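**Q** Structure below; questions to follow.
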């Protein structure tokens, strides 16, 4: 991977953590457990853009996405008690960022629900397991984060850094983003835009789709990326990290 320029290397994520919310995921999320009668099929992973991005469409069903966003608060009354605004105007050290967020610490959802489901999907793809080393992946970061981007919100160009978890014995290598809203009729703007590390001015723009999961490498192999400004609609994202 080419060395990051001084300007690019400065675009980091502020590691200030949101307050851990007293929140319980809806029961619908447990439909992802293997053997559940409502579990019907496994979507297929697709590898993209320098082998640093994996897209999984229909990772969540529309009904599950709706149950999750509904559980976050009352949209009619704009009552989202868990949400904290995050305002970072940007500097030489940190990328500009404007969105709302909260954090949930849930080992059961992360590693007894989401991770077995994600792993089973990835195991369908031999290249992902062997060449991208997911055969050695151990689980998901239990610090699950929820992001909300409304009109005018965005996140400037930055890199995601690896973190150590499980008392420092494991390190995260991939970011997991699950889009809970999206599509051309629901959301204008809000794309996740990746910038090539190999070819100048080459980008990949991923428009959120309801229920789509996006995995991208982070740490030393992270692509410079950004969250485009939302012009219409609300972009909801559930985020974790895959650790090895």
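**Q** Could you look through region 1-24, keep only residues that are assigned to a loop (DSSP other than H, G, I, E, B), surrounded by 12 or more Cβ atoms within 10 Å (Cβ to Cβ) and within 17 Å of the chain's Cα centre (by Cα), and pick out the one that is modelled with the highest pLDDT?
**A** So, considering only residues that are assigned to a loop (DSSP other than H, G, I, E, B), surrounded by 12 or more Cβ atoms within 10 Å (Cβ to Cβ) and within 17 Å of the chain's Cα centre (by Cα), the one modelled with the highest pLDDT is 18.
**Q** State which residue is farthest from residue 141 (Cα to Cα) when the search covers only region 208-232 and only residues that are without any contact (Cβ under 8 Å) to a residue 60 or more places away in the chain and buried (at least 17 other Cβ atoms within 10 Å of the Cβ).
**A** Among them, the one singled out is 208.
**Q** I want to confirm something. Restricting to region 48-72 and keeping residues that are on the phi > 0 side of the Ramachandran plot and buried (at least 16 other Cβ atoms within 10 Å of the Cβ), which single residue is farthest from the chain's Cα centre (by Cα)?
**A** Only one residue tops the list, namely 50.
**Q** What is the number of the single condition among (1) closer than 22 Å to residue 70 by Cα; (2) in a helix (DSSP H, G or I); (3) touching a strand residue (DSSP E or B) at 6+ places or on another chain (Cβ under 9 Å) that residue 128 does not meet?
**A** Only one criterion is unmet by residue 128, namely (1).
**Q** Right, here's the next one. Among (1) buried (at least 19 other Cβ atoms within 10 Å of the Cβ); (2) in contact with a strand residue (DSSP E or B) (Cβ under 7 Å, 6 or more places away or on another chain); (3) in a helix (DSSP H, G or I), where does residue 111 come up short?
**A** (1)
**Q** Return yes or no: is residue 177 touching a helix residue (DSSP H, G or I) at 6+ places or on another chain (Cβ under 7 Å) and under 22 Å from residue 95 (Cα atoms)?
**A** no
**Q** Where residues in region 31-47 are in contact with a strand residue (DSSP E or B) (Cβ under 6 Å, 6 or more places away or on another chain) and touching a residue at least 12 places away in the same chain (Cβ under 8 Å), which of them is surrounded by the most Cβ atoms within 10 Å (Cβ to Cβ)?
**A** Restricting to residues being in contact with a strand residue (DSSP E or B) (Cβ under 6 Å, 6 or more places away or on another chain) and touching a residue at least 12 places away in the same chain (Cβ under 8 Å), the top hit is 45.
**Q** Give me the pairs: first residue in region 79-92 and over 24 Å from residue 68 (Cα atoms), second residue surrounded by fewer than 13 Cβ atoms within 10 Å (Cβ to Cβ) and at pLDDT 85 or above, beta-carbon distance under 6 Å, and six or more apart or on different chains, which are they?
**A** none
**Q** Let me ask something additional. If I filter region 60-77 down to residues being part of a loop (DSSP other than H, G, I, E, B) and modelled with pLDDT of 90 or more, which single residue comes out as nearest to residue 118 (Cα to Cα)?
**A** Only one residue tops the list, namely 60.
**Q** Find the residue count for region 78-96, including only residues that are modelled with pLDDT under 95, farther than 15 Å from residue 148 by Cβ and not in a strand (DSSP E or B).
**A** Count: 5.
The values are calculated or read from the model by the stated rules, or taken from the named source; none is laboratory data. On a predicted model such as this, the values are computed, not experimentally measured, just so you know. Here the Cβ is made from the backbone with ideal geometry for all residues, glycine too, and neighbour counts use every protein chain on show.
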